[in-house]
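Report on the structure given below.
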């Protein structure tokens, strides 16, 4: 199953500067598949951040889809922006709340979503974090069972830090919940202003924004390095990466 979130990330920078509102219907792929953010990560982490830059986009999940058959369906609506505002996130602030959504499709009888949630809450609690996690026992796609959990934390300085995990054949629901929670804890302990996945997703928008943008990330991933190189080649924008304490500051002057 091809990744619907990856397709959305590909077309969204183009939609951002369209001449009129864009309404896309994306079908047959997977909403929650390996080596890709979940659709709920896109909805609750990426899109709210882009909204703060002036790009308004909404996603409606019609059908969740998973490996191998996919068969998911998503509606994407984008209101283009004449000019993207720069992103300046250099302070973590104080943690305000942790939220999440645990989804399973046609696995309600095995309480998969509830078990993912319970394991995530326990893992977070063990490190001193409380969270509110919604359970969604989905029945939108009888052709492909599956599950996922997405968590996100919000801070007093406007940061949104996310993490997710995907259910797989032979992988216990408790392990899925623990995986997402452990990823989020690793981010929160470092106190960055974006998580390692959002970091590379934001690079095109920072380059296209009007003014100087910056954020702090806990480490430089291969994806971040690749995106920086590619966007520099395409736009001529130069990114600066520098060490700030235990974090990496990524900044650039946009061409917008």
Step by step: first the residues of region 132-158, then only those that are under 21 Å from residue 198 (Cα atoms) and more than 18 Å from the chain's Cα centre (by Cα), then the one that is surrounded by the most Cβ atoms within 10 Å (Cβ to Cβ). Which residue is that?
157
Any chance you could count how many residues in region 205-238 are farther than 16 Å from residue 13 by Cβ, in a strand (DSSP E or B) and in contact with a helix residue (DSSP H, G or I) (Cβ under 6 Å, 6 or more places away or on another chain)?
1
Quickly run through region 159-192 and pick out the residues that are touching a helix residue (DSSP H, G or I) at 6+ places or on another chain (Cβ under 6 Å) and either crowded, with 24+ Cβ neighbours inside 10 Å or at pLDDT below 95 (or both).
161, 162, 163, 164, 165, 167, 176, 177, 180, 181
Within the group 200, 127, 195, which residue is touching a helix residue (DSSP H, G or I) at 6+ places or on another chain (Cβ under 8 Å), farther than 26 Å from residue 63 by Cβ and either at pLDDT below 95 or surrounded by fewer than 17 Cβ atoms within 10 Å (Cβ to Cβ) (or both)?
127
Has region 39-52 got at least one residue that is assigned to a helix (DSSP H, G or I) and over 14 Å from the mean Cα position of the chain (by Cα)?
yes
Evaluate the following for residue 87: is it under 16 Å from residue 48 (Cα atoms), buried (at least 22 other Cβ atoms within 10 Å of the Cβ) and touching a helix residue (DSSP H, G or I) at 6+ places or on another chain (Cβ under 7 Å)?
yes
Go through region 239-256 and report how many residues are exposed (fewer than 15 other Cβ atoms within 10 Å of the Cβ) and assigned to a strand (DSSP E or B).
5
Is it the case that region 216-237 has a residue that's loosely packed, with under 12 Cβ neighbours inside 10 Å, under 18 Å from the mean Cα position of the chain (by Cα) and either closer than 12 Å to residue 195 by Cα or modelled with pLDDT of 95 or more (or both)?
yes
Hits in region 11-34 (condition: more than 16 Å from residue 69 (Cα to Cα) and either under 14 Å from the mean Cα position of the chain (by Cα) or part of a loop (DSSP other than H, G, I, E, B) (or both))
12, 16, 17, 18, 19, 20, 21
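The values are calculated or read from the model by the stated rules, or taken from the named source; none is laboratory data. Source: prediction; values computed, not measured. Note: ideal-geometry Cβ built from the backbone for every residue, glycine included; neighbour counts use all protein chains shown.
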